[in-house]
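Shown next, in structure tokens, is the structure this report addresses.
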Amino acid sequence: MNKIYKISVLHVILLVMTFIGLKNHVTILPPILEQVKRDGWASVVLAAVSIFPFLLLMLLIQNKTNQQPLKEWLKEKIGVIGSSIILYSVVGFIFLLAAFTMHETVLWISDTFLNATPQIILLVVYIVVCFLLVSTNIQTIVMTNVLVLFVVVCLGFYVAFVNIQVKDYSLLTPLFEHGFFPVFKGIVYPAAGFIEITLLLFLQHHLKKPIKWFHIAIMIFILSGLTLGPLVGAIVEFGPEEAAKHRYPAYEEWGLVQIGRYIEHMDFLSIYQWLTGTFIRVGLLLFIAADILSISGKRKKIWTYMVPPFFFVSLGLMLVDDTIFLQLNNFEFLVATFIFFFFILLLICILALIFGKKSNKSVRSTRTNNNNTSQESSDTEWTQPDKQ
């Protein structure tokens, strides 16, 4: 039996900053800018406020399942067939999430600084590197994340402050010039990032202490900041119309970085941010999949049963035309992600309410029987005659 490594809630928050932060910082910016333009910030704020009450359902699930591995709890409560349908659906969608992130990164690498390198080579190298991380344990992933995240955060603040000289905040006005409909329409895109916090349910048995409501509030607040920073930055630096035309707005902001007259072209620093973010995101997603499949820590099984299917899924995305892929990645897949995890969250919550109550009743009856038994044995002890 594999050892269950425990991590703190602080480490979980830092993981969320990286593996969901990359998506909110990069992937969801183009659709928000295209659909909502200068009022995109309002969609992010409304999405954060709207999703918070639903994510609190995680606390109910956590309490009802007594923070035991969700895969085991589901198998115990709804049987092998029912639990397998839910768990394999989650694993399949996790593979898609990781594959879309992988292909988006490979596509960006090919378009920016490795134009002559075949994408298949980039894909193979990055898959090997990510699965080296997957083959470890949650503590190794956490420690690696802490090390790389510190530099990522420093570079983020660096580009934000240096580019103040080219920012024009008057471009954020007039507010709601196209009404409120585009704002409400754009809520689903940042919500698709926030809803991925649901994946922490499948890591709950790795936590030293249960997650509280304010932990979820902190995660949403940080993710909102990671979204609003480059979103507002792109609008005030390029203007809403020009920003909407950029494929990678967060990367384009690095092209404006300039210190004095002689220090410029510092966009190479964004390479570290993006590659480390993808490394942690793909590694953690696939680790969750391995944990659900009960093969985490088993290197041979991970490389045998997970690498080939993930490679072919990623290869299949490479065969899709770039324009079609970007349309899928920026719009349809984001909506599908929100719908899927929202449905999974509600489904597990309903199961927890149904079977959690039964579990509590059985626990109470067991405790009552135990108390009665101990009381009877105590009475017997006191009524036994002294053999002396």
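The values are calculated or read from the model by the stated rules, or taken from the named source; none is laboratory data. Since this is a predicted model, take the numbers as computed values, not measurements. We place every Cβ from the backbone using ideal geometry, glycine too, and count neighbours over all the protein chains shown. Only protein heavy atoms, including side chains, enter the accessible area calculation; ligands, DNA and RNA are left aside. Shrake-Rupley method; radii C 1.70, N 1.55, O 1.52, S 1.80 Å.
The table that follows gives values for the structure above.
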{"read-out": "Given (1) open to solvent by 40 Å² or more (accessible area, probe 1.4 Å); (2) among the aromatic types (Phe, Trp, Tyr); (3) closer than 16 Å to Met306 by Cβ; (4) in contact with a Phe, Trp or Tyr (Cβ under 8 Å, 6 or more places away or on another chain), index of the condition Phe93 fails", "value": "(1)"}
{"read-out": "2 or more residues of a type in the set (D, E, K, R): qualifying helices (runs of 4 or more DSSP H) within the stretch 290-351", "value": "299-305"}
{"read-out": "Enumeration of residues in the stretch 98-135 that are surrounded by fewer than 18 Cβ atoms within 10 Å (Cβ to Cβ) and either modelled with pLDDT of 90 or more or under 17 Å from the mean Cα position of the chain (by Cα) (or both)", "value": "Pro118, Gln119, Ile120, Ile121, Val124, Val125, Val128, Val129, Leu132"}
{"read-out": "Matching entry among Gly229, Gly239 (being under 23 Å from the mean Cα position of the chain (by Cα) and not aliphatic (A, V, I, L, M))", "value": "Gly229"}
{"read-out": "Residue count, the stretch 1-29 (criterion: open to solvent by 30 Å² or more (accessible area, probe 1.4 Å), assigned to a helix (DSSP H, G or I) and at pLDDT below 90)", "value": "1"}
{"read-out": "Exclusive hit being part of a loop (DSSP other than H, G, I, E, B), of a type in the set (A, V, I, L, M, F, W, C) and over 17 Å from Phe342 (Cβ atoms), set Leu107, Leu114", "value": "Leu114"}
{"read-out": "Residues of the stretch 236-290 satisfying the condition of being surrounded by fewer than 18 Cβ atoms within 10 Å (Cβ to Cβ) and among the β-branched types (Val, Ile, Thr)", "value": "Ile259, Ile263, Ile271"}
{"read-out": "Long-range neighbours under 7 Å by Cβ, at least six apart or interchain, first residue of a type in the set (Val, Ile, Thr) within the stretch 131-145, second not in a helix (DSSP H, G or I)", "value": "Ile138/Tyr5; Ile138/Ile7; Val142/Ile7"}
{"read-out": "Tally, over the stretch 210-244, of residues that are within 20 Å of Leu22 (Cα to Cα) and not β-branched (Val, Ile, Thr)", "value": "16"}
